[in-house]
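J.: Let me begin by handing over the structure; questions about it come next.
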Amino acid sequence: VTADASAPPPTFGVDIGGTNLRCAVVDAQGGVIERRRLPTPVEFDDIVQTIASEIGELAYTHDDAGSVGIGAAGMVDFDGVIHYAPNVPAFVRAPLRARVAEATGRAVVVDNDANVAALAELLYGAGRGLTDFLLVTLGTGVGGGIVSGGKVYRGAHGFGAEIGHFQVDPDGPMCVCGERGHWEALASGRALGALGRARARAGRAPSVLALANGDADGITGVHVGDAAQSGTPDAVAIVRDYAFQVAVGLAGLANVLDPAVIMISGGLVELGALLLDPMREWFEGHIEGAKQRDAIPIVPAKLGDEAGIVGAAALARAADAPHRP
Ligand SMILES: [Zn+2]
């Protein structure tokens, strides 16, 4: 294999979620050359060591690859310290950038996982050519990336765009962060599961209950989604109610941010029109000035679950230095 000497070298992209840790080698056009995926370790030291050993193995066959970019679920400051992550308990004031730089001997940059996904969509996906858009990830939790004026918005401390954590119902269900009625507690995959359990206990979700082998307490968002995709009316109705809970937050965010487009990513986007159609319907009717303005398109993001590794690798290339901003 002869490398093109004029092409910029690839970089490493790492995506740390509550469930999976992904590492990849990514070229300068956002193309994934090689990828690996494994469960996210529980302890911080193990997360650092796992990243270092995965990078080491990838580097063995890609010795031209340079810097490391990491997208991590949680509140990441400008020096790559993760102060708090509702879905990754290991991250409490965790100096991830410094530790991975020490363990790999490479330049490392870290940002929030949804922020790097938004960067990936901006450079290579549904955000190409746009300067202002909102990316919403609907998965186990709710993540967000805001692109404003062509840049990923980070706020004063790097903690901006935690869009799952604003209160929409003071009497609502408890959020994983410990506050009641945050949007994430109503709009995440967990919330879809909670809706399914409540409906099943009331005897109004027979198809979902059947998929969970008759155990109402064992119902998850996946059961509800699978039943809805098979077309059973009880499950479709639950997804519709969930879509309304998502749309409430989207309308509020659109009033604040005025995005050109809202992109939806994460596992829930696989529900397609079952989710997006009722979401759009409620959203378009309730955004400020609904009758006097053009609709804001709500579209699926383009890069799917590779947005994290691709955006993280792009961040490494853009920064190409151990310290930011
Ligand atoms: Zn919260």
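The values are calculated or read from the model by the stated rules, or taken from the named source; none is laboratory data. Source: prediction; values computed, not measured. In this analysis, Cβ positions are derived from the backbone assuming ideal geometry, glycine residues included, and neighbour counts consider all displayed protein chains.
J.: Which residue pairs have Cβ atoms under 7 Å apart, sit 6 or more places apart or on different chains, and have a first residue in segment 140-165 that is in contact (Cβ under 8 Å) with a residue 60 or more places away in the chain and hydroxyl-bearing (Ser, Thr, Tyr) and a second that is within 13 Å of the ligand (Cβ to nearest atom) and not in a loop (DSSP other than H, G, I, E, B)?
T.: Short answer, once both residue conditions are applied: Thr140/Arg190.
J.: Spot the failing condition for Asp171; the list is (1) crowded, with 23+ Cβ neighbours inside 10 Å; (2) within 16 Å of the ligand (Cβ to nearest atom); (3) more than 24 Å from Leu275 (Cα to Cα), and only one is missed.
T.: (1)
J.: To continue, here is another question. When the residues of segment 146-166 are filtered to those that are in contact with an Asp or Glu (Cβ under 9 Å, 6 or more places away or on another chain) and not in a loop (DSSP other than H, G, I, E, B), which remaining residue is nearest to the ligand (Cβ to nearest atom)?
T.: Ile146
J.: A further question on this structure: (1) buried (at least 20 other Cβ atoms within 10 Å of the Cβ); (2) over 15 Å from the mean Cα position of the chain (by Cα); (3) within 16 Å of the ligand (Cβ to nearest atom): which one isn't true of Ala101, the others all being true?
T.: Ala101 satisfies all of (1) buried (at least 20 other Cβ atoms within 10 Å of the Cβ); (2) over 15 Å from the mean Cα position of the chain (by Cα); (3) within 16 Å of the ligand (Cβ to nearest atom) except (3).
J.: Say we look at segment 13-45 and pick out the residues that are small (Gly, Ala, Ser) and modelled with pLDDT of 95 or more; which of these is nearest to Asp113 (Cα to Cα)? Don't jump to the end; show me each part of the working.
T.: Filtering segment 13-45 for residues small (Gly, Ala, Ser) gives 13, 17-18, 24, 28, 30-31.
Narrowing the set further to residues that are modelled with pLDDT of 95 or more leaves 13, 24, 30-31.
Details: Gly13: 11, Ala24: 15, Gly30: 16, Gly31: 18 Å.
Here the residue is Gly13.
J.: Another question, then. Criterion first (in contact (Cβ under 8 Å) with a residue 60 or more places away in the chain and more than 20 Å from the chain's Cα centre (by Cα)) does Asp215 satisfy it?
T.: Taking the combined requirement at face value, the residue does not satisfy it.
J.: Working carefully through the options Asp46, Asp79, find the one that is touching a residue at least 60 places away in the same chain (Cβ under 8 Å) and of a type outside the set (Gly, Ala, Ser). Break it down into steps so the answer makes sense when it comes.
T.: Values: Asp46 fails: touching a residue at least 60 places away in the same chain (Cβ under 8 Å).
Selected residue: Asp79, the only one of Asp46, Asp79 that is touching a residue at least 60 places away in the same chain (Cβ under 8 Å) and of a type outside the set (Gly, Ala, Ser).
J.: Out of (1) surrounded by fewer than 19 Cβ atoms within 10 Å (Cβ to Cβ); (2) over 21 Å from the mean Cα position of the chain (by Cα), the odd one out for Ala227 is which?
T.: (1)
J.: Another question about this same structure. Within the set of pairs 6+ apart or on separate chains, which have a first residue in segment 183-205 that is touching a residue at least 24 places away in the same chain (Cβ under 8 Å), a second that is away from the ligand (no atom under 16 Å from the Cβ) and among the basic types (Lys, Arg), and C-beta atoms under 9 Å apart?
T.: Taking only residues 6 or more apart or on different chains, the pairs are Ala205/Arg197; Ala205/Arg199.
J.: Follow-up. Output the residues belonging to segment 178-231 that are of a type in the set (Lys, Arg) and within 16 Å of the ligand (Cβ to nearest atom). Steps first, answer last, please.
T.: Initially, segment 178-231 is screened for residues of a type in the set (Lys, Arg), giving 180, 190, 197, 199, 201, 204.
Result: Arg180, Arg190.
J.: Identify all residues within segment 230-283 that are among the hydroxyl-bearing types (Ser, Thr, Tyr) and either touching a strand residue (DSSP E or B) at 6+ places or on another chain (Cβ under 9 Å) or buried (at least 24 other Cβ atoms within 10 Å of the Cβ) (or both); write none if there are none. Reasoning before the result, please.
T.: Step one: list which residues in segment 230-283 are among the hydroxyl-bearing types (Ser, Thr, Tyr), which gives 230, 232, 242, 265.
Within segment 230-283, Tyr242, Ser265 meet the criteria.
J.: Moving to a separate point now. Taking the stated definitions as given, is Leu130 buried (at least 22 other Cβ atoms within 10 Å of the Cβ) and either modelled with pLDDT of 95 or more or touching a Phe, Trp or Tyr at 6+ places or on another chain (Cβ under 6 Å) (or both)? Spell out the reasoning first.
T.: Details: buried (at least 22 other Cβ atoms within 10 Å of the Cβ): no; either modelled with pLDDT of 95 or more or touching a Phe, Trp or Tyr at 6+ places or on another chain (Cβ under 6 Å) (or both): yes.
Against the criterion (buried (at least 22 other Cβ atoms within 10 Å of the Cβ) and either modelled with pLDDT of 95 or more or touching a Phe, Trp or Tyr at 6+ places or on another chain (Cβ under 6 Å) (or both)), Leu130 does not qualify.
J.: Just to be sure before I move on: is Val299 in a helix (DSSP H, G or I) and either surrounded by 17 or more Cβ atoms within 10 Å (Cβ to Cβ) or modelled with pLDDT of 95 or more (or both) in the structure I sent? It would help to see each step written out before you state the result.
T.: Numbers: in a helix (DSSP H, G or I): no; either surrounded by 17 or more Cβ atoms within 10 Å (Cβ to Cβ) or modelled with pLDDT of 95 or more (or both): yes.
When the stated conditions are applied, Val299 does not pass them.
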